[in-house]
Amino acid sequence: MCGIVGYVGPKQATPILMEALRRMEYRGYDSAGIAVLNNGGIEIHKAAGKLSVLAGELEGREPVGTTGMGHTRWATHGAPTTVNAHPHLDQSGRIALIHNGIIENSTAIKKALLARGHVFLSETDTEVLAHLIGELYEGNLEEAVAAALRDVDGAYGIVVLSADEPGTLIAARNGSPIVLGLGEGENLVASDQSALLDHTRSVVYLDNGEMAVLSANSYRVRTLTTRQIDKPVNQIEWDLATIERGGFDHFMLKEIFEQPESIENTMRGHLLEETGNVRVYGLKLSDTDAKKVKRIIITACGTSWHSALIGKSMIEELARIPTDVEYASEFRYRNPIVDSETLVIAISQSGETADTLAALLEAKQRGARVLGLVNVVGSTISREVHGGMYLRCGPEIGVASTKAFTSQVVALAMVTLRFARLRTMSLLEGRRYIDALQQLPAQIQQVLDCAPEIEKLASRFDGATNALYLGRGVNFPVALEGALKLKEISYIHAEGYPAAEMKHGPIALIDENMPVVVVAPRDAVHGKIVSNIQEVRARGGKVIAIVNKNDEEISRLAEATFIVPETLDLLTPILTVIPLQLLSYYVAVNRGCNVDQPRNLAKSVTVE
Ligand code: AGP
C-alpha cells in the first residue's frame, strides 16, 4: 500500500520526508514524490521507480521549507509513471494532495470537473480529488477538504497543503490508516507508525471519517461535520521491525490476516447489486466480444494455477463456457489450439512470472484475446494483455502466496459473473452471488478469529514427514493449495489429491503417522467425502477436517475439525483455504523454518 508522511515544524522538511519514506519502503511501491512549501508556492519533485531515483533528482537541489509531505505510490489507478506519482496539484497549482486508497466515484467527479474546464495531467483518482478540493477552496483549506470529502465515496488516507496557508497540514482518513505524530514544536502525520519513530512515540490514530489540522505547535482532530473532537494520545510500544510487520511475527501472517480487507479492495467498485452483475472496465470486453467467446483457457503457475482450477469450475458451472486450465510452462511449448474465439486468462500475483508471460504472448500470437488477473500494477504481464483486472490486494511480501490467492478467486468469480449474466444466469441468481461475495470479508474475519484453534492443531504435524490433503469438486484445488503451502514453508512433503482418487494409489500411504487433511464443507459432494474419510479411518489414518457448523457426521469420524462459515458452493474455497494457510504457517513456525523467505524459493520466478 502507499506510504504517506507529512511534517510541519522548525526543521527542513525534505530530509525528514525522505527518511520517513525510506522507513516505509518495505510496504512495496512503484513511484515516489514530495511537496514542500517555499517562496510562497509549492515545490514538487516526483519520480517513477524507487526512492533512490527521487533522491538522485533532489541531489544538490533539495527544496527549502519547513512544511511538506511525501508519498510512495502503489499504483491502483494508472501506471507507475512520474506523471501519476503523488503529490498532485489542483487546477490553481496552489493546493497539493497525497492519497492512499481508491476514490470509487472519481470518474463521475472528473466528468463534472472537466465540464467546468478543469485540465488533468494524470490518470489518477487522486488528482481528481485535488481538483475538487481546489474548486471548493474559499480561503479555508480545512473546510474545503471537509466539503470535498463529503462528496467522495471510497477509501482514502490523505494529506493536503496549500501555498496560501503555510505552516498547516490537513489530514483525513476513511479506510486507509492515518496516524499523527506529536513532537516538541513540530508535528507529523503518516500512514504507518514506522515513519514516525525517529521523531516521536506519541501518536493519535485517526478513525474513519476523521480529519486533523496540524501546525508546528498545535493539532486538532475533527470529523467532516464537527470542528473538534477529543482523541486519546497513545504511545508506540513496538520496535521498527515489529511495526513493519504490523505487529505480526511474519509478513505471511500479516497478509493472511489482511484478507478481509484485501478481498474488499479487490471487489471495491465492481459489484452491481441492482443488476446482480459486475462492472470491470479494465476487462475491455464488450458484451458483443464476450458473447463471441467459445472457449476459455486459464494459464498460470503455482498458487495462481490453483486459483485457475477454481475459476474453471465457476465458469463452466455458471457461464457454461468450456474452460481449460494449463500450466503456463507446458502451454508455452505445446501446440495449443487457440483462435480468435478463444479467451486466454493469465493469472499472476507478481505479473512477472516468465512462464506465464511466455504463455500469454504465445496465445496472443495465435490470435486469442488475452486478459490478465494481476496484482502488481504496471508489471510486464499487466502491460502485455489486451485487458484485465488488478487484484488490488496490496503488496504481498511473504514468498508463500496467501491474500493474492483469495483475491484471484474473487476476481475469477467476478469475471464468471460478467459472462454468466450475459448468457445463462438470472438476475436473482446474480444478486445471490453478489450478496454472497459481499459477506465474504466478515466471514473470513470469523475464521481468522479462530486462528488459535489452528495453532493448536499444528502440533499434530510434529515429527511428520508426509501429509495428504484431500478435497472434491471446487475444493480439490484447495487441497492442492494447502499442500503447496505446507511443503513450501515447512519442508514437509505434502500432496493434494482428489478425495475419491485416493483409493487408486495414495491410500497405500495411510497410517497413523501421516496427517490427512480433508476439506469437507457441506456442499454437493459432502456425502461422498464422508465415505472418503471413512476409508482413511479404516486404515488407521488420522483426519483433520475443515467443515461447516454442526457437522456431526464428520465430527464423529475426524480426530479434529475446524469450522468455517457456509457460503455458496463455488465460493467455499475462499473460506476453506484460510485454515490451511494458517496451519502451514504454524507448522512452519513450530519447525523453526524461515516463513517469509523459505529456502530455494523466490517471490517472483522471472526465469524459466
Ligand atoms: C505460491 O505460494 C508460490 N510462491 C508460487 O507457486 C507462486 O504462486 C508462483 O510462482 C506464481 O507466481 P505469480 O502468481 O506471481 O505468477
LEU361-ASP153 pseudo-label distance in nm [points 7 Å out on the Cα-to-Cβ vector]: 4.1
query: Roughly speaking, what is the centre-to-centre gap between segment 253-316 and segment 367-387 when only Cα atoms are used, to the nearest Å?
result: 13
statement: Quick note, segment 493-593: a/c under 1.5 would make it rounded; otherwise a/b > b/c is prolate and the rest oblate (a ≥ b ≥ c, C-alpha gyration tensor); here it is oblate
field: Förster radius 30 Å - calculated FRET efficiency between ARG431 and ALA524, Cβ distance, rounded to 0.05
entry: 0.90
- line: Amide H proximity to ILE178 below 5 Å, modelled H, separation 5+ or other chain, gives LEU206
field: Options TYR469, THR299, THR67, ranked by Cα towards positive dipole end of the chain, top entry (Cβ charges)
entry: THR299
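Only bridges whose two residues both fall in the chain count here: according to DSSP, what percent of them are antiparallel, nearest 5?
On the way: 61 of 101 bridges.
Antiparallel bridges make up about 60 percent of those DSSP assigns within the chain.
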statement: Mean Cβ-within-10 Å packing, highest first, puts peptides 128-135, 53-60, 435-442 in the order 128-135, 435-442, 53-60
query: Given the Cα-Cα distance of LYS294 and THR424 and 0.36 nm per residue of separation, how much length would full extension add, in nm?
result: 45.4 nm
- line: Residue separation between ARG227 and ARG279 times 0.36 nm, minus their alpha-carbon distance, gives in nm 15.0 nm
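Given a Förster distance of 56 Å, report the FRET efficiency between VAL119 and ARG599 from their Cβ-Cβ distance, rounded to the nearest 0.05.
Approximately 0.60, to the nearest 0.05.
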field: Charge dipole (debye, nearest 20) of segment 209-350; +1 at Cβ of Lys and Arg, -1 at Cβ of Asp and Glu
entry: 480
query: Order of 454-461, 223-230, 164-171 by packing, highest average Cβ count within 10 Å first?
result: 164-171, 454-461, 223-230
task: Convert each backbone phi in segment 16-22 into a coupling constant with the Karplus relation 6.51 cos²θ - 1.76 cosθ + 1.60 (shift: θ = phi - 60°), then list the ³J(HN,Hα) values in order as whole Hz, x for Gly and Pro.
output: 5, 5, 5, 5, 5, 5, 4
Cβ-derived FRET efficiency at R0 25 Å, GLU341 paired with ARG383, nearest 0.05: 0.55
field: Packing rank of 186-198, 247-259, where each peptide gets the mean count of other beta carbons within 10 Å, highest leading
entry: 186-198, 247-259
message: At q = 0.16, 0.17 Å⁻¹, what log₁₀ I(q)/I(0) does segment 167-319 have when each alpha carbon counts as one equal point scatterer in the Debye sum?
response: -0.98, -1.04
statement: Rg/Rh over Cα atoms for the chain, Kirkwood Rh, comes to 1.00
- line: Dividing the surface of the Cα convex hull of segment 1-88 by four yields a projected area in nm² of 5.2
- request: Could you tell me which GluC sites (Glu not before Pro) in segment 284-349 are loop residues by DSSP with no more than 15 other beta carbons within 10 angstrom of their beta carbon?
  value: GLU341
- line: Once THR606 and GLU453 are pulled to full extension, the length gained, defined as 0.36 nm per residue separation minus their Cα-Cα distance, is 51.3 nm
- prompt: Could you give the dipole magnitude of the chain about its Cα centre, charging the beta-carbon of Lys and Arg +1 and that of Asp and Glu -1, in debye to the nearest 20?
  reply: 1260
- line: Expressed to one decimal in nm², the mean projection of the alpha carbon convex hull of segment 425-584 is 9.3
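FYI, it's all coordinate maths here, none of it is from the lab. All values reported here derive from a predicted model rather than from experimental measurement. Positions of Cβ are backbone-derived with ideal geometry, glycine not excepted, and every protein chain shown enters the neighbour counts.
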